[in-house]
Amino acid sequence: MEDREIIELYFSRDESAISETDEKYGALCRKIIKNILSSDRDAEECLNDLYLSIWNKIPPTVPDNFRNYICRSARNAALSKLRKNSALKRGGEYEISIEELGELSQTDFPPYSALEEEINAFLKLLDPPTRWVFVRRYWFFDSIKEISALSGFGESKVKQTLKRTREKLGKYLIERGVKL
């Protein structure tokens, strides 16, 4: 089913919208959520919360890109659940990824919207394979092993690409006046 057809189901308040969403994007959402939460039970609960949230937001929201909308919503739902759980435990790729990015900063980051704009501008400067590896790690929270398998790069190449890209990002942010 096409995305616009699924959105129409939400607007007509047809409950099959949820099953159609799950059929088309459920596996992707589960992967995003599981990479952040690491608990199957929490991930399943989060996925149900995600579908309820989307049901409540559409309408009136009309997503321009439904796939991006649902991925962003899944990520945000999982991060919210992680905060609620006071997830100080390690285990999910989220914590590891955040620690890696934390190497850039000794102080607080600037307000999220400013940082988001700077990172988006930086990502546009990267060659597509490097950008893809970076996004898989720090947006989807894929493990090094998963990125290696998906990309065909060796794990050491993935690690080196991420390390160099983090270093470039740090320099880029300093050049832009972002205090690290």
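Brief remarks on what is shown
- Residue-level accessible surface for Lys24, protein heavy atoms, 1.4 Å, Å²: 90 Å²
- The mean sequence distance of close C-alpha pairs (under 8 Å, at least 6 residues apart), as a share of the length of region 15-72, puts its relative contact order at 40 percent.
- Whole-percent carbon and sulfur share, accessible surface of region 122-164, 1.4 Å: 58 percent
- FRET efficiency estimate (nearest 0.05) - Cβ-Cβ, Arg83 to Lys168, R0 25 angstrom: 0.30
- Accessible area ranking (1.4 Å probe, heavy atoms, ligands and nucleic acids excluded), largest first, for Asp22, Asp64, Asp49: Asp64, Asp49, Asp22.
- Rounded to whole numbers, the Karplus 3J(HN,Hα) couplings from phi for region 50-56 are 4, 5, 5, 4, 5, 4, 6 Hz, using 6.51 cos²θ - 1.76 cosθ + 1.60 with θ = phi - 60°, and x at Gly and Pro.
- Probe 1.4 Å, all protein chains present, accessible-area order of Ser16, Ser156, largest first: Ser156, Ser16
- Neighbourhood charge, 12 Å Cβ-Cβ cut-off, centred on Lys157 and excluding it, Lys, Arg +1 and Asp, Glu -1: +2
- Between Leu28 and Glu15, the simple spin-label model (points 7 angstrom out along Cα→Cβ) gives 2.6 nm.
- Listed cross-link partners Lys24/Lys57; Lys124/Lys168; Lys24/Lys124 are compared with a 24 Å cut-off, the Cα-Cα value being larger for Lys24/Lys124.
- Förster radius 25 Å - calculated FRET efficiency between Ser156 and Arg67 (Cβ-Cβ, nearest 0.05): 0.20
- Solvent-accessible ranking of Trp55, Trp139, largest area first, probe 1.4 Å: Trp139, Trp55
- 3J(HN,Hα) along region 35-48, derived from phi through the Karplus expression 6.51 cos²θ - 1.76 cosθ + 1.60 where θ = phi - 60°, amounts to 5, 8, 8, 6, 10, 4, 5, 5, 5, 5, 4, 5, 4, 5 Hz, with x in place of Gly and Pro.
- Fully extended contour minus Cα-Cα distance, from Asn56 to Val135, at 0.36 nm per residue: 25.6 nm
The values are calculated or read from the model by the stated rules, or taken from the named source; none is laboratory data. Everything numeric in this text was worked out from a predicted model, so none of it was measured. Virtual Cβ from ideal backbone geometry, glycine too; neighbours counted across all protein chains shown. To get the accessible areas, we keep the full protein, side chains included, count just its heavy atoms, and leave off ligands, DNA and RNA. Shrake-Rupley method; radii C 1.70, N 1.55, O 1.52, S 1.80 Å.
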